[in-house]
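J.: Below is the structure I would like to discuss, written out as structure tokens.
The values are calculated or read from the model by the stated rules, or taken from the named source; none is laboratory data. Only a predicted model underlies this, so the values are computations on that prediction, with no experimental measurement involved. All Cβ positions, even for glycine, are placed from backbone atoms using ideal geometry, and neighbour counts span all protein chains on display. Note: accessible area is taken over every heavy atom of the protein model, side chains too, but ligands, DNA and RNA are not part of it. Shrake-Rupley method; radii C 1.70, N 1.55, O 1.52, S 1.80 Å.
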Amino acid sequence: MMASGYQQYKNQSVSTMTQGEMLLLLFDELVKRITRAELALKDQQMDIFEHTLNREYAISVQLRALYDFFIYELSRVKASRRQEILDEVKPLIEELRDAFRQAEKKSTR
């Protein structure tokens, strides 16, 4: 029952978010996953690099090019096991997230 209540809360939270808030959530999650990927690379846990884009949301069509780019970069990490690639990608993700955060703040004023 508790899990069901949490799921309802989560669904309601997402359904009431603005598009900007959803993008920020997406980028926050991406930064978190890149950090996890850095740790996995150190521990040689390559299964963490398997990801898919959830196409049930309209915005996923618009984010496809970014998704493809980052998936390509993460596949390079998986193939080469080079930390340098993550070091290049993580700041890009953080910059995008910060830009969307600023845009969201401006749009809600």
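J.: Within the stretch 5-28, is even one residue at pLDDT 85 or above, of a type outside the set (V, I, T) and over 18 Å from the mean Cα position of the chain (by Cα)?
T.: no
J.: Quick one: what pairs do we get from the stretch 60-80, first residue of a type in the set (S, T, N, Q), second part of a helix (DSSP H, G or I), C-beta under 9 Å, 6+ apart or different chains?
T.: Sorted first by the residue in the stretch 60-80, then by its partner, the pairs are S60/Y67; S75/F49.
J.: Kindly indicate whether M2 is modelled with pLDDT under 80 and surrounded by 13 or more Cβ atoms within 10 Å (Cβ to Cβ).
T.: For M2, the condition - modelled with pLDDT under 80 and surrounded by 13 or more Cβ atoms within 10 Å (Cβ to Cβ) - is not met.
J.: May I pose another question? Go through the stretch 83-109 and give me each residue that's farther than 21 Å from K32 by Cβ and either in contact (Cβ under 8 Å) with a residue 40 or more places away in the chain or open to solvent by less than 80 Å² (accessible area, probe 1.4 Å) (or both).
T.: S107, T108
J.: Checking M46 against (1) open to solvent by less than 50 Å² (accessible area, probe 1.4 Å); (2) free of Cβ contacts under 8 Å to residues at least 40 places away in the same chain; (3) under 22 Å from S15 (Cβ atoms), which test does it fail?
T.: Condition (3) is where M46 drops out.
J.: Just to be sure, is L25 open to solvent by less than 100 Å² (accessible area, probe 1.4 Å), without any contact (Cβ under 8 Å) to a residue 24 or more places away in the chain and under 24 Å from A103 (Cβ atoms)?
T.: yes
J.: Between residues in the stretch 30-42 that are without any contact (Cβ under 8 Å) to a residue 12 or more places away in the chain and residues that are open to solvent by 40 Å² or more (accessible area, probe 1.4 Å), which pairs lie under 6 Å by C-beta distance while being six or more apart or on different chains?
T.: Listed pairs, sorted by first residue: A40/I48.
J.: Can you name every residue in the stretch 53-82 that is over 25 Å from K42 (Cα atoms), open to solvent by 80 Å² or more (accessible area, probe 1.4 Å) and small (G, A, S)?
T.: A58
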